[in-house]
1. Could you check, for region B:77-88, whether at least one of its residues is under 21 Å from the mean Cα position of the chain (by Cα), hydrophobic (A, V, I, L, M, F, W, C), within 10 Å of another protein chain (Cβ to nearest Cβ) and farther than 11 Å from residue B:114 by Cα?
2. Residue under question is residue B:55, and the condition is that it be assigned to a strand (DSSP E or B) and under 27 Å from residue B:156 (Cβ atoms); does it hold?
3. What is the one condition in (1) closer than 29 Å to residue B:111 by Cβ; (2) in contact (Cβ under 8 Å) with a residue 40 or more places away in the chain; (3) within 21 Å of the chain's Cα centre (by Cα) that residue B:6 does not satisfy?
4. Looking at A:155, A:245, A:234, which is the one that is in a loop (DSSP other than H, G, I, E, B) and within 16 Å of ligand 1 (Cβ to nearest atom)?
5. Kindly indicate whether any position in region A:201-221 is within 16 Å of ligand 1 (Cβ to nearest atom) and within 14 Å of chain B (Cβ to nearest Cβ).
6. Filter region B:207-228 down to the residues that are in contact (Cβ under 8 Å) with a residue 40 or more places away in the chain, over 20 Å from the mean Cα position of the chain (by Cα) and crowded, with 20+ Cβ neighbours inside 10 Å and list them by number.
7. Just name the residue that is farthest from ligand 1 (Cβ to nearest atom) out of those in region A:105-115 that are part of a loop (DSSP other than H, G, I, E, B) and either within 14 Å of the chain's Cα centre (by Cα) or within 7 Å of residue A:64 (Cα to Cα) (or both).
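The values are calculated or read from the model by the stated rules, or taken from the named source; none is laboratory data. Since the structure is predicted, the reported quantities are computational estimates derived from the model, not experimental observations. Because the Cβ atoms are built from the backbone with ideal geometry, glycine has one as well, and the counts that use them run over all protein chains shown.
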Amino acid sequence: MSDESNTLLSLYRTMVTVRKFETLAGELFAAGKIPGFIHLSIGQEGSSVGVCSILRPDDYLITTHRGHGHVIAKGGDLKRMVAELMGRKTGYCKGKGGSMHIADFSLGILGANGVVAGGFPIITGAGLSIKLRKTEQVAVCFFGDGASNRGPFHEALNMAAIWKLPILFVCENNCYASTTKTSYACSIIDIANRAKGYGIPGVSVDGNDVLAVRHAAAEAVGRARQGEGPTLLENKTYRRRGHFEGDPQRYRDQAEVVEWEQKNDPISRFTTILMKKKILTKDLEREIAAKIEADLKEAVEFAEQSEWPKPEEALEDLFVNP
Amino acid sequence: MSERIISCSAAIAEVLTEEMTRDERIFIIGEDLVYHGGIFGQFKGLPEKFPGRVIDTPISETCIVGAGLGAALTGMRPLVDMHFADFVTCAMDEIANQSAKIRYMFGGQVKVPLVIWAPDGAGLGAAAHHSQSLESWFVHTPGLKVVVPSEPADVKGLLTASLRDDDPIIFFQHKKLFAKMGPVPEGEYVIPLGKAAVKRQGKDVTILTYGSGYYLTIEAVKELAGLGIEAEVIDLRTLKPLDFKTIAESLKKTYRAVVVHEACLTGGFGAELVARISSELFDYLDAPVLRVATKDVPIPFSPPLEKFVLPSVEDIVKAVRQVTYC
Ligand SMILES: Cc1ncc(C[n+]2csc(CCOP(=O)(O)OP(=O)(O)O)c2C)c(N)n1
Ligand SMILES: [Mg+2]
């Protein structure tokens with residue numbers, strides 16, 4: 001198989017992994033096995049996978065409360081993720097973080113964030129650090145349409161622009177911020193247009209077209225690595241699940257959800273392309289699904305067999321030198 | 001006055017209906033208020049009853065509080081919803097530098113009738129960014145009044161008083177208390193700010209508490225009764241202004257005190273209470289005043305960790321036994 005076919009298949013595999021992980025997380029939550037609350041990215045896999053597919057292992061990434069997909073696409077370990085969601089000692093953060101606070105610093109994942117727009121100032125610092133250390137790394141900040149209405153977004157874009165920091169700001173415009181429609185809360189239709197105010201490139205793409213996302217991200221990352229500064233990329237997509245699992249969703253008509261699911265599913269769309277190119281076959285599709293399901297089953301078993309953290313461990317990890 | 005059993009949420013909606021009908025200057029502003037009546041359902045029915053006066057905002061805490069303040073300075077009486085108390089950090093300048101100081105800096109020229117509504121507290125597996133109890137930050141900021149109710153009737157009386165007050169108030173209500181049921185007076189019901197309540201009489205020890213600490217305390221009191229210890233329970237209800245008179249009266253009878261709060265220990269409101277008691281009531285003390293609080297770490301996610309760091313009924317019983325030498 002050609003390199004290109006391998007790349008495309010790898011995109012496909014990761015998208016399906018994210019989808020199946022999120023579906024499983026929803027089931028585990030409904031079964032009472034995940035405490036707290038979780039936010040799923042089903043339907044937004046084109047964005048997470050498209051962007052992360054062009055990142056190097058040493059690139060940085062910051063994500064949000066809806067961050068499982070980004071972590072997986074950057075290479076996150078499924079076992080440690082499930083274990084963290086279930087509050088186990090073997091989880092990424094030893095059970096201290098949970099769904100909204102997963103990080104893997106060894107993979108450049110500087111953390112998910114429970115505070116909307118909490119990532120912008122931090123990514124600015126990561127970008128500055130890359131510049132000071134003179135490496136060719138890039139720092140990516142995922143955020144929602146809602147987050148672009150907070151001050152830190154604007155401060156970060158300006159600062160990244162004046163210093164030409166190697167940052168890719170990725171807005172996942174999924175039409176809603178919790179119960180609030182983006183069309184109500186944002187003064188413009190294309191959030192990418194906000195880039196103009198800071199003199200940096202702003203690009204809106206079909207976020208459910210993984211190849212379009214990948215292409216746009218590649219251009220932006222290329223510029224960043226050349227020292228040409230930040231880009232604001234807007235991936236237009238749709239949040240198909242509730243804001244959080246259990247959300248009664250009184251703010252939208254379910255027909256809208258069904259329409260996106262049936263007509264604009266990023267995985268179905270990509271599957272059609274791959275089938276047409278004969279890169280994917282029904283058999284291979286089944287084989288990939290089976291492998292991912294087995295991996296996830298193993299991850300759940302790992303988590304369920306893992307110990308709970310000991311209560312006193314709550315007092316550890318606060319300081320390096322207590 | 002007749003009473004019925006309703007939840008804190010119902011009490012809140014009732015007060016707001018009454019007060020918004022009485023005073024057209026009151027409006028509510030914050031995120032996700034209209035479709036779900038607030039994320040805890042606490043404003044249910046209000047968007048329909050008062051069209052245009054329950055205002056959904058973008059996610060812009062700085063401007064949500066700032067807009068509340070600006071409106072308060074120009075003739076309105078806003079209630080600002082912080083969504084989760086944790087997000088006060090995103091509007092800290094507007095709360096601590098602006099709202100708290102404007103009247104004073106400008107020589108008392110203006111009133112600031114602003115209520116900042118902040119659901120706080122842990123116990124829901126919501127982890128470090130959605131679980132904090134931050135009242136002591138604001139007690140430490142002159143110019144703010146700090147209200148922390150526990151029972152539904154207190155919520156009603158104190159919210160009414162807060163909406164009628166002309167100063168900036170930060171109103172913390174524990175997220176777990178929205179669903180709590182209790183007797184609530186019908187019709188107008190005002191609890192003056194700065195008035196604690198002796199919720200249970202006792203002669204052996206005074207337990208000073210507020211907010212969620214109250215519920216732990218009443219559980220502990222039952223166990224203590226089994227040990228023959230009669231605890232007096234004071235629900236402070238407002239931390240600023242503080243009703244020290246009620247505290248002093250109780251301590252002059254019991255000579256012992258334990259403070260219970262969900263905020264973390266160091267620098268918490270308990271420290272202020274212990275300081276006031278030791279400087280003003282030293283001669284009445286038969287034992288050191290102890291504090292029961294959350295351990296000094298961010299709130300962890302995993303249930304066994306979260307449970308361990310939060311104060312427990314056993315912690316209270318133990319502290320009371322220690323000060324009563326029992
Ligand atoms: C500063 C802050 N304000 C409010 C919230 C509550 N909240 C969590 S997610 C969310 C909506 C976020 O919308 P968006 O940025 O579009 O991301 P999405 O959930 O759509 O992925 C809100 C209001 C928060 N966590 N932090
Ligand atoms: Mg959104």
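1. Yes, some residue in region B:77-88 is under 21 Å from the mean Cα position of the chain (by Cα), hydrophobic (A, V, I, L, M, F, W, C), within 10 Å of another protein chain (Cβ to nearest Cβ) and farther than 11 Å from residue B:114 by Cα.
2. Details: assigned to a strand (DSSP E or B): yes; under 27 Å from residue B:156 (Cβ atoms): yes.
In short, yes.
3. All conditions are met except number (1).
4. Working: A:155 fails: in a loop (DSSP other than H, G, I, E, B); A:234 fails: in a loop (DSSP other than H, G, I, E, B).
Selected residue: A:245, the only one of A:155, A:245, A:234 that is in a loop (DSSP other than H, G, I, E, B) and within 16 Å of ligand 1 (Cβ to nearest atom).
5. no
6. B:220, B:224
7. A:108
Let's see how each residue does on (1) within 16 Å of ligand 1 (Cβ to nearest atom); (2) modelled with pLDDT of 95 or more; (3) hydrophobic (A, V, I, L, M, F, W, C):
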site: A:12; (1), (2), (3): no, yes, no
site: A:16; (1), (2), (3): no, yes, yes
site: A:25; (1), (2), (3): yes, yes, yes
site: A:30; (1), (2), (3): no, yes, yes
site: A:38; (1), (2), (3): yes, yes, yes
site: A:43; (1), (2), (3): yes, yes, no
site: A:53; (1), (2), (3): no, yes, no
site: A:57; (1), (2), (3): no, yes, no
site: A:66; (1), (2), (3): yes, yes, no
